[in-house]
1. Which one is nearest to Leu161 (Cα to Cα), of the residues in the stretch 52-83 that are of a type outside the set (Lys, Arg), without any contact (Cβ under 8 Å) to a residue 24 or more places away in the chain and part of a strand (DSSP E or B)?
2. Looking only at the stretch 199-239, which residues are over 17 Å from Asn187 (Cβ atoms) and hydroxyl-bearing (Ser, Thr, Tyr)?
3. Conditions: (1) touching a strand residue (DSSP E or B) at 6+ places or on another chain (Cβ under 9 Å); (2) over 23 Å from Asn85 (Cβ atoms). Lys207 meets all but one. Number of the miss?
4. Scan Val228, Val174 and give me the residue that is closer than 28 Å to Leu305 by Cβ and of a type in the set (Val, Ile, Thr).
5. Does the stretch 113-161 hold any residues that are part of a loop (DSSP other than H, G, I, E, B), of a type in the set (A, V, I, L, M, F, W, C) and open to solvent by less than 20 Å² (accessible area, probe 1.4 Å), and which are they?
6. Cβ contacts < 6 Å: first residue part of a strand (DSSP E or B), restricted to the stretch 271-299; second residue open to solvent by less than 100 Å² (accessible area, probe 1.4 Å) and of a type in the set (D, E, K, R), any location; separation 6+ or different chain. Result?
7. Which of the residues belonging to the stretch 302-326 are open to solvent by 30 Å² or more (accessible area, probe 1.4 Å) and assigned to a loop (DSSP other than H, G, I, E, B)?
8. So, of the residues in the stretch 279-301 that are open to solvent by 60 Å² or more (accessible area, probe 1.4 Å) and within 15 Å of Ile319 (Cβ to Cβ), which turns out to be nearest to the chain's Cα centre (by Cα)?
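The values are calculated or read from the model by the stated rules, or taken from the named source; none is laboratory data. Nothing here was measured: the structure is a model prediction, and the numbers come from that model. Here the Cβ is made from the backbone with ideal geometry for all residues, glycine too, and neighbour counts use every protein chain on show. Side chains included, ligands, DNA and RNA excluded: accessible areas come from the protein's heavy atoms. Shrake-Rupley method; radii C 1.70, N 1.55, O 1.52, S 1.80 Å.
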Amino acid sequence: MTKTKEQKKKVFITIIVLLVIFLPLSICSFTLHILDEKNPRHKVIENPNHEFFWDNKLYFYSLSGNLLGTYECLNPDGICDYASNFDDDKLYAIDYHESIDAKIGLINNRYTFLVDAPSPALAKPILYDVVNNRIFTTYYSVKNYGIGIENDLFIVGNDNLKYGVLSLQGDPQVKVKFDYDYIGIANLLNEDENKIMSDLFVGYRDKFWFLLDMNGAVLTSAIEKEIVNYNGKHIIVKDNVGYDVVDYEDNIVLPNGPYQKISFTGKYLNILDTEDNFYVYDISLEQAITTPQHVKTTDKITSKLNEKGNLDVILNEKIIETVEFS
């Protein structure tokens, strides 16, 4: 039985009405599904155990566990990791803070130094902005002695093997230009922060040694002998003959040198002379303030300021003399 024209018309109208009702609903449902998939709460959790290296990426987290950023490794089968502290100080006489293969981690929840290379021999430190996923530059080396230098300073070397000092407080800024064949810092700690003090740096260029401030200003005349340690007035220096003390103009201020060994305890000098006699010398008074102690090569002797501000002479871990200043 054939449908009448009136019946066909009713069917057509019904189809149109259904389309008008259900087509927008279908579009709305599809759109909500897409938006729901984009909702972070419904994503598959990336790096669920907060590993540093996961799925060919490095992940950087704050101490509270928030993801700060990632880095896509170009050499996941080679070395992709934090850069390690560069140890060139052992080639010189400087009394430096020794670190054991210390890696330089996250800096102020923003920067880090990375290495990403086919092998360790080809690895060079990359200065990377974790938050903005940005590579600033690549260096030949980076050094902060493992425990860090005050004011977020880093000694960096370029491919010409020239060294400078970089600040990572705020935007990266070169504080000491790449004019030196070596830059280092003596082992002088800020005990409150447990970081190396940044007041003075040792620089070497043109066969002379210098003391610099943290902004690169040269504070001394050209010093002929290698710098071992320093304070605000005097510098312990060394050559193949022995140790001496000079002022900032490179004038020798300690008579009867050179000596076997010299070190600082505060403003005082621990001296081991060529006859194996140890004593503490006050350079302002120009005299010894302790009794000379003849020591053997196996002895360990030094001095230390105690809690009362007096000076103890310590031989093989035993106090053998105390100088009271009060």
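1. Glu72
2. Tyr204, Thr220, Ser221
3. (1)
4. One residue alone meets the criteria, Val228.
5. We begin by selecting, within the stretch 113-161, every residue part of a loop (DSSP other than H, G, I, E, B); these are 118-119, 123-125, 130-133, 139-140, 144-148, 158-161.
Now restrict to residues that are of a type in the set (A, V, I, L, M, F, W, C): 123, 130-131, 147, 161.
Result: Val130, single match.
6. Hits for this filter: Leu272/Lys261; His294/Asp276.
7. Here is the first cut: in the stretch 302-326, the ones open to solvent by 30 Å² or more (accessible area, probe 1.4 Å) are 302, 304-309, 314-322, 324-326.
Matches in the stretch 302-326: Asn306, Glu307, Lys308, Gly309, Asn316, Glu317, Glu324, Phe325, Ser326.
8. Top of the filtered list is Lys300.
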